[in-house]
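The values are calculated or read from the model by the stated rules, or taken from the named source; none is laboratory data. Just so it is clear, the model here is predicted, and its values are computed rather than measured. Cβ: placed from backbone, ideal geometry, glycine included. Neighbour counts: every protein chain shown. Note: areas computed on protein heavy atoms with side chains; ligands, DNA, RNA excluded. Shrake-Rupley method; radii C 1.70, N 1.55, O 1.52, S 1.80 Å.
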Amino acid sequence: MKPYRHLLFDLDHTLWDYDSNVRDSLTELYAQHRLAELGTATFEAFFEAFQATNLELWDQFNRGQVDRDQLRAIRFPKVFTRAQLSEALIPRSLEDDFIRLTSSKAKVMDQAVEMLHYLGETYDLHIVTNGFNESQYAKLKASGLDKHFKVVVTSESSGFRKPDQRIFAHTLQEIGTLPNECLMIGDNPTSDILGAKNASIDQVHFNPRGLKSPVPATFTIRHLSELKTFL
């Protein structure tokens, strides 16, 4: 086992429970904006449309095909179209309300807090995320995760997006360390695992559903508690 000194964590889907927090937020917004009155889409249909659209847009963002403002401008129009609701009926404040409300949610992945306490006794912990400054810092504070991390690097603060090697180089410079002293822990095979691999950083693929990954990782786990088996 390499003598790692620094653990680099992804945030969304790895520590912060993105799916649960988004579902809770959209449930509130669906009622608040009376979206059920805008068409025949049920909440489940609306939520599924959001999930599919959001996944596509974040993949495009990670590939550099859209920027933050474009993502936020077209997200709900695409969701409404997919859910067979009229774009003309989108509440003007819906995107801003979604960002504000979701970022205030506090649910984290199972055993996330316990593992951060455990790992923080031996390693320095850091965040490397493709999210945006305002929302990611709000999520960290709302969930209480912020106190565990020494360095937080976002795609916005670094100017680069995972899997670009330069966001990892920027992170190493911010920490003051070398690749062989670091271990990246994240859920995304491309942005987290391939990105870290290309930066000569060992990786842990957090893969709760046990999906086949196109990128082999140094370690693969299905539950965060499994980090104890090798850290």
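Would you call Val113 in contact with a helix residue (DSSP H, G or I) (Cβ under 7 Å, 6 or more places away or on another chain) and at pLDDT 95 or above?
Answer is no for this residue.
So, restricting to helices (runs of 4 or more DSSP H) that lie completely within the stretch 1-103, which ones have at least 3 residues that are farther than 25 Å from Ser157 by Cα?
The helices (runs of 4 or more DSSP H) meeting that bar are 18-32, 43-62, 68-82.
I'd like the residue in the stretch 116-134 that is assigned to a helix (DSSP H, G or I) and either modelled with pLDDT of 95 or more or acidic (Asp, Glu) (or both) and, out of all such residues, is surrounded by the most Cβ atoms within 10 Å (Cβ to Cβ).
Ranking the candidates gives Leu116 first.
A quick yes/no check of all residues on (1) among the aliphatic types (A, V, I, L, M); (2) in contact with a strand residue (DSSP E or B) (Cβ under 6 Å, 6 or more places away or on another chain); (3) open to solvent by 20 Å² or more (accessible area, probe 1.4 Å):
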residue: Asp164; (1), (2), (3): no, no, yes
residue: Phe168; (1), (2), (3): no, no, no
residue: Thr171; (1), (2), (3): no, yes, no
residue: Asp187; (1), (2), (3): no, yes, yes
residue: Asn198; (1), (2), (3): no, no, yes
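Kindly evaluate Gln84 against the criterion of being in the same structural domain as Leu224 (by the TED database), open to solvent by 20 Å² or more (accessible area, probe 1.4 Å) and more than 14 Å from the chain's Cα centre (by Cα).
no
When the stretch 200-217 is examined, which residues are found to be among the hydrophobic types (A, V, I, L, M, F, W, C) and open to solvent by less than 50 Å² (accessible area, probe 1.4 Å)?
Within the stretch 200-217, Ile201, Val204, Phe206, Val215, Ala217 meet the criteria.
Can you name the condition, by its number, that Thr220 falls short on among (1) in a loop (DSSP other than H, G, I, E, B); (2) polar (S, T, N, Q); (3) open to solvent by 60 Å² or more (accessible area, probe 1.4 Å)?
That leaves (1) as the condition not met.
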